[in-house]
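One structure is given below, encoded as structure tokens.
The values are calculated or read from the model by the stated rules, or taken from the named source; none is laboratory data. The model shown is predicted, which means the values in this text are computed figures rather than measured ones. Here the Cβ positions follow ideal geometry from the backbone for every residue, glycine too, while neighbour counts run over all protein chains shown.
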Amino acid sequence: METLSLRGDHITLAQAIKAAGFADSGGHAKHVVRSGAVRVNDQIEMQPGKKLHAGDRFQIDAGPTWEIKPEEADAT
């Protein structure tokens, strides 16, 4: 399972898809979501603005599952 770290309390699904490298732009990421190819927590999700929080998982088609992780605190 791949992971994506948060920088705040949430990330939108379209932003997560772009950050994971599945889309080159926000518009492309929105298209991917609206095509019905994305699952969030094992449910098809077609809203690019869906807020993902720590612990949420997403997957595109039969690709790897990505999990949203909380931002790690700096070790100082």
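Annotation note: Cβ proximity below 8 Å between a residue of the range 46-65 that is within 14 Å of Arg34 (Cβ to Cβ) and among the small types (Gly, Ala, Ser) and a residue that is surrounded by 13 or more Cβ atoms within 10 Å (Cβ to Cβ) and modelled with pLDDT of 95 or more (sequence gap 6+ or interchain) occurs for Gly49/Thr12; Gly49/Leu13; Gly49/Ala14.
The set of residues in the range 1-16 being part of a helix (DSSP H, G or I) and within 14 Å of Glu67 (Cβ to Cβ) consists of Leu13, Ala16.
For the range 21-76, a residue qualifies if it is among the β-branched types (Val, Ile, Thr) and surrounded by fewer than 18 Cβ atoms within 10 Å (Cβ to Cβ), and the qualifying residues are Ile44, Thr65, Thr76. Looking at this structure, is Gly55 part of a loop (DSSP other than H, G, I, E, B) and on the phi > 0 side of the Ramachandran plot? When the stated conditions are applied, Gly55 passes them.
Look at the range 34-52 and say how many of its residues are hydrophobic (A, V, I, L, M, F, W, C) and part of a loop (DSSP other than H, G, I, E, B).
2
Scanning the range 1-20 for residues that are surrounded by 18 or more Cβ atoms within 10 Å (Cβ to Cβ) and under 11 Å from Gln59 (Cα atoms) gives Leu13, Ala16, Ile17. All of (1) in a helix (DSSP H, G or I); (2) small (Gly, Ala, Ser); (3) touching a residue at least 24 places away in the same chain (Cβ under 8 Å) hold for Gly27 with one exception: (3).
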